[in-house]
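Mind having a look at this structure? Questions to follow.
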Amino acid sequence: MPLIIKDEYPKKLFREDGKRLDGRDKHELRPIKMEVGVIKNADGSAYLEWGNNKIFAAVYGPRDVHPHHLAKSDRGILRIFYRMATYSVFERKRPAPGRREKEISMVISDCLEPVLFLELYPGTSFEVFIEVIDADGGTRCAGTTVAALALADAGIPMRSLVTSVALGKIDGEIVVDLSGIEDKAGQADLPCAITWFNDQLSLLQFDGDMTLEEMNKCLDLAPDILKRIYEMQLNALKEKYLKIREEVNKSEEIATEGGEQ
Amino acid sequence: MMNVKRVISAIERDYILNNLKKDKRIDGRDLWEYRDFHINVDVVKSAEGSADVTLGDTRIISGLKYEVGEPFPDTPDEGVCTMMAELLPLASPLFEGGPPNEQSIELARVIDRGIRHADCIQTKKLCIRENKAVYILFLDMFVMNYGGNMIDCGGVSCLATLISAHVPEGVFNDENELIWTGKYLNGKHIVNELPFVITFGKIDDIIFMDPNLTEELLSDGSISISVTENKITSIQKSGSATFSIDEIKMLCEKSIEIGKKLRKELDLWQYLIQKA
Amino acid sequence: MENDEDESQDIDDFEEIVESAKEIVVPGETLTEDVNNFIPGRGAIFNRNKTKIISLSIGLKQVRKNYINVIPLRGFYTPRAGDKVLGIVVDKNPVKYRLDINAKDEGILKPKNTMKKERGRFIRGAGGRKPQQQDMAPSSTEVYQIGDVLILKVLSADRLNSPELTTVGKYLGKKMGGTIISIGPYSIPRIIGRGGSMIKMLKNLTKCNIFVTQNGRIWLKGENIESERLLIEAIEKITNEAHTMGLTDRIQEFLESEKKKRGID
């Protein structure tokens, strides 16, 4: 008898004051924190905190393909391994990768492939491991965003970054960046990702029900929201280098000041 | 970056060995010194307890989940705690995906045995009703970066996870239904004794503690000793190295001494979380 | 002993780049929209409609005449013919050695490329002698063992085939003693410095022998582990701060003050 406290859905997803349950406005994102270079052994890595989501991504490659029969003689392959830690969800997840994880891995892989020059690396693979440590809705979008950061951190030539976010409908209203509870209790969920070199959508899934007008409204809203996250990605990548530069300048200032005294 | 190689060069091996013979290590430690531990607890909101522990370059994030289930027939009034470790391929180019391999099973088993025989978890307090309902705790470790000596790092991360735990308290009401009191069991309810596991590597006939990645890959073998305040609770020798009886005696003594120091330095009880 | 002064010439003058290029760019970032006056150089391409030039990787933006380049700050090593690399023998069979050279493919070293070809030694007729075994290139792989560290030159490299290597040449061959460390291949020019200034300073102040290769590996050997450790720390500092100015002076200061602190003469 696996007894666990029931996860109950609230009846309403908006508070009295018109804000969402976590206090956000309809088009407000959850707090996002990004960092690159967090896993020393990897060729490139990134960490993302997106609301309660906590995700690590590491890139290895180009390297030999195992098993060997997956290798393509005319181009490299991109392999994504999206995994969730057993303790990242309400009810303990089984350790073996499930169907959901395999599907999401494939969706993210298809999404990121257009930005890479895989034809330049025949017979090899780029492997991206996405590990969700804590999950609270929108992990495939967060996973795509952090995977793009890790690829850029590895110094792999890319046409552009990729950014992803989920839009959706809760209590009849179009909102952005659904949290776990909104995803489960809401009416529609539309995860999408953009490749910035051509400004086109590279990941798109939809579950729920929406009228044509609502769908159009969602799609019109997406670029602006994605742009906001893109700015954070740019900053996170540069931050690592700018911080060191700043520290160096600061220590030099101290040194010269000390010399004058 | 790309520092991890499958074949370690002969000169690196000689270099490390020759310096070990002079009691010197490449990272500046002496033979009986730990790298720095860094501990953060309650990092995973979805888990009933979690810890992010780094030991040098090794990083392990572990989390606790629970279920309520039937006890084992031979221990009708005791809860259960199972451990699992996963060596994520994200953590090192040496790790491959797929089902648990020997190395990850050994990691979980060694830590599990150290904890089990030290009376660390108060299993009797994890019983809700005898013969009927007990807590089943799942303590899962995920290796995020492999920099040598995962066992000691994992051991500390397990203890920190258990201490920072907050498991909802359940009781049976008059109608024999399981209800939740709204209170939480914390580390004080779950943890009794703190066993530390201390690993020593051996290359040729030199023994040193807390091997880093290169030292571990070069080691002929290692020995992990779990100790409580004044007792030894488990020993695991792994790899092809052999140890003399005198060496084992010396290491047991050393372990107790180091365990005492570590207990004081880490002061794990500071991570207790009192949840209303 | 070994010196890389001759090598620093074929590597870009990174010092100058850092002084002239301060802007850090990331993949897909617009470098310029003035496509009439600029051409994408290294690490840059036109976007699809040729309305702007964009960066391919994370790096420093550099404008040289009408070329816009991006000097990468991170990346993997791609072998090019003529590169000097440090390799570890990981496998061998009677016809070739395989070496880990920090690239996606293992390098191949054939026995004929491990010994100088000596032509014209054998003179026919009177006074001549039959070619002796030691005059010939070795026909099997007995010279090196698995685990040996070799300095090699890349003879040929392309996308499809494993790079072919040689140990015949100045400074090439097996390394004895010391140890090796790995850093990002894109930090190597900074370890060498302008005209070899950084590497000379590192050698003088730590009294270590250093050999730097283009695949991001460094062999080093000093008088004691303390000075080697100091050198490794200095190298880590250089790779961390590779994109900052005035690095050579700062490293010199670091080494001098640390030497005093640690009592290394």
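Can you work out the FRET efficiency for the pair B:R29 and B:E67, with r the C-beta to C-beta distance and R0 = 60 Å, to the nearest 0.05?
Using R0 = 60 Å, I get an efficiency of 0.90.
Using 0.36 nm times the number of residues separating C:M176 and C:K116, minus their current alpha carbon distance, what extension gain do you get?
This chain segment gains 19.6 nm when fully extended.
B:R13 label point, 7 Å along Cα→Cβ, cut-off 13 Å on backbone N: hits in region B:190-207?
What the label zone holds, given the 13 Å backbone N cut-off, is B:203-204.
Could you work out how far the C-alpha centroid of region B:56-131 sits from that of region A:185-248, in angstrom?
38
Here's something else I'd like to know. Can you give the accessible area per residue of the protein assembly as shown, in Å², using a 1.4 Å probe?
Details: 35960 Å² over 802 residues.
Result: 45 Å² of accessible area for each residue.
Normalise the Debye intensity by I(0) for region C:27-116, one equal point scatterer per Cα, no solvent, then take log10 at q = 0.11, 0.12, 0.14 Å⁻¹ and round to two decimals.
Results for region C:27-116 at q = 0.11, 0.12, 0.14 Å⁻¹ read -0.51, -0.56, -0.64.
So if I average 1/r over every pair of distinct C-alpha atoms in the protein assembly as shown and take the inverse, what Kirkwood radius in Å does that give?
About 29.3 Å for the protein assembly as shown.
Would you jot down the residues in region C:22-44 that end up with at least 20 Å² less accessible area in the complete protein assembly than in the chain alone, with a 1.4 Å probe?
SASA drop of 20 Å² or more in region C:22-44: C:K22, C:I24, C:V26, C:P27, C:G28, C:E29.
At what distance in nm do the modelled label points of C:T51 and A:D199 sit from each other, each positioned 7 Å from its Cα along Cα→Cβ?
Placing both labels 7 Å beyond Cα along the Cβ direction yields 0.6 nm.
How much length is gained on full extension from B:I206 to B:R109, taking 0.36 nm per residue of separation minus their Cα-Cα distance?
Going from the current span to full extension adds 32.3 nm.
To continue, here is another question. So what's Rg/Rh here for region C:179-262, counting alpha carbon atoms and using the Kirkwood radius for Rh?
Values: Rg = 11.6 Å, Rh = 12.6 Å.
Here the Rg-to-Rh quotient is 0.92.
Per q in 0.20 1/Å, what log10 I(q)/I(0) does a Debye calculation on the alpha-carbon atoms of region A:177-255 return?
Log-scaled intensity ratios, in q order: -0.97.
Would you mind working out the magnitude of the charge dipole of the protein assembly as shown relative to its Cα centre, with +1 at each Lys and Arg C-beta and -1 at each Asp and Glu C-beta, to the nearest 20 Debye?
Rounded to the nearest 20 debye, it is 2760 debye.
Still on this structure: Accessible area, 1.4 Å probe, largest first: how do C:I39, B:I136, A:I55 sort?
Result, largest first: C:I39, B:I136, A:I55.
How long, wide and thick is region B:56-133, going by the Cα atoms along their three principal axes, in whole angstroms, largest first?
Projected onto the principal axes, the Cα atoms of region B:56-133 cover 47, 25, 20 Å.
Determine the order of B:S9, C:S162 by accessible area, beginning with the largest, at a probe radius of 1.4 Å. Please list the in-between numbers first.
On the way: B:S9 0, C:S162 45 Å².
Sorted descending by solvent-accessible area, the residues read C:S162, B:S9.
With +1 on each Lys and Arg Cβ and -1 on each Asp and Glu Cβ, how big is the dipole of chain A about its Cα centre, in debye rounded to the nearest 20?
Value, rounded to 20: 800 debye.
With a 1.4 Å probe and all protein chains left in place, how much of the accessible area of the protein assembly as shown comes from carbon and sulfur atoms, in whole percent?
Numbers: 17370 of 35960 Å².
About 48 percent, which is the carbon plus sulfur part of the accessible surface.
Nearest 0.05, what FRET efficiency do A:E246 and C:E236 give at R0 = 30 Å with Cβ-Cβ as r?
0.95
In addition: Would you calculate the separation in nanometres between label points at B:E102 and B:D246, each defined as 7 Å from the Cα along the Cα-to-beta-carbon direction?
Taking the two extended label points, one gets 3.1 nm.
From the backbone phi of region B:139-154, what are the Karplus-calculated ³J(HN,Hα) couplings (6.51 cos²θ - 1.76 cosθ + 1.60, θ = phi - 60°) in whole Hz, Gly and Pro given as x?
Once rounded to whole Hz, the list reads 10, 10, 10, 10, 7, 9, 8, 9, x, x, 6, 6, 5, 5, 5, x.
To the nearest whole percent, what portion of all C-alpha pairs in chain B is separated by more than 22 angstrom?
Percent of Cα pairs beyond 22 Å in chain B: 58.
Once the whole set of protein chains is in place, how much accessible area is left on A:W50, using a 1.4 Å probe, in Å² to the nearest 10?
Per-residue accessible area (A:W50): approximately 10 Å².
Ok, one more. What's the whole-number percent of alpha carbon pairs in chain A lying beyond 26 angstrom?
46
Using Cα springs under 10 Å in a Gaussian network model of chain A, which residue among A:T195, A:T211, A:T144 shows the largest mean-square fluctuation?
In the Gaussian network model the winner is A:T211.
Can you tell me the relative contact order of chain A? Whole percent, Cα pairs under 8 Å, sequence separation 6 or more. Don't skip to the end; give the middle numbers.
Working: 495 pairs, mean separation 50.2, N = 261.
Reported as a whole number, the value is 19 percent.
Let me ask something additional. For region C:19-72, what does the relative contact order come out to in percent, with C-alpha contacts under 8 Å and a separation of six or more? Present the calculation step by step, with values, prior to reporting the outcome.
Numbers: 124 pairs, mean separation 22.4, N = 54.
Value for region C:19-72: 42 percent.
Right, another one. For the interface of chains A and C, what total accessible area is buried with a 1.4 Å probe, rounded to the nearest 100 Å²?
That pair of chains buries around 2600 Å² in total.
Against the longest principal axis of chain B, how steep is helix B:10-21, in degrees 0 to 90 to the nearest 10, with axes from Cα atoms?
The two axes meet at around 80 degrees.
Would you mind counting up the charge near A:L226? Only other residues with Cβ under 14 Å from its Cβ, with Lys and Arg at +1 and Asp and Glu at -1.
Local charge sum for A:L226: -3.
For region B:212-276, how big is Rg over Rh, using alpha carbon atoms and the Kirkwood form of Rh? Provide the component values of the computation, followed by the final result.
Values: Rg = 15.5 Å, Rh = 13.9 Å.
In region B:212-276, Rg relative to Rh is 1.11.
Between A:I156, A:I104, A:I244, which gets the highest mean-square fluctuation from a Gaussian network model of chain A, Cα cutoff 10 Å?
A:I244
Which residues, if any, in region C:215-230 have at least 50 Å² less accessible area in the whole protein complex than in the isolated chain, probe 1.4 Å?
C:I225, C:R229
If region C:19-72 were replaced by its equivalent ellipsoid, with semi-axes equal to the square roots of 5 times the Cα gyration tensor eigenvalues, what would those be, largest first, whole Å?
On the way: eigenvalues 52, 32, 12 Å².
In descending order, the three semi-axes are 16, 13, 8 Å.
Using 7 Å Cα-to-Cβ label points, what is the A:K12/B:N131 separation (nm, one decimal)?
About 5.0 nm, to one decimal.
Something else: For chain A, what is the calculated [θ] at 222 nm in deg cm²/dmol (nearest 500), taking -39500 (n - 2.57) for each run of four or more DSSP H residues and dividing by its residue count?
One gets -11000 deg cm²/dmol as the mean residue ellipticity at 222 nm.
When the helices in chain B are scored as -39500 (n - 2.57) per DSSP H run of 4 or longer and the sum is shared across all residues, what 222 nm value do you end up with, to the nearest 500 deg cm²/dmol?
-8000 deg cm²/dmol
Evaluate region B:70-181: find the radius of gyration of its Cα atoms, find its Kirkwood radius, and give the ratio Rg to Rh.
1.07
Specify the angular offset, from 0 to 90 degrees and rounded to the nearest 10, of the alpha carbon long axis of helix B:245-266 from the longest principal axis of the alpha carbons in chain B.
60
For region A:34-137, what are the per-bin percents of Cα-Cα distances with bins 10 Å wide, up to the bin holding the maximum?
Percent of Cα pairs in each bin: 15, 41, 33, 10, 1.
Please compute the Kirkwood hydrodynamic radius over region B:1-71, one decimal place, Å, based on all pairs of different Cα atoms.
Result for region B:1-71, one decimal place: 15.9 Å.
Using alpha-carbon pairs under 8 Å, 6+ residues apart, how would you state the relative contact order of region A:115-261 in percent?
Relative contact order, region A:115-261: 19 percent.
The values are calculated or read from the model by the stated rules, or taken from the named source; none is laboratory data. Since this is a predicted model, take the numbers as computed values, not measurements. Ideal geometry is used to build each Cβ from the backbone, glycine not excepted, and the neighbour counts take in all protein chains shown. With ligands, DNA and RNA removed, areas are computed over all heavy atoms of the protein, side chains included. Shrake-Rupley method; radii C 1.70, N 1.55, O 1.52, S 1.80 Å.
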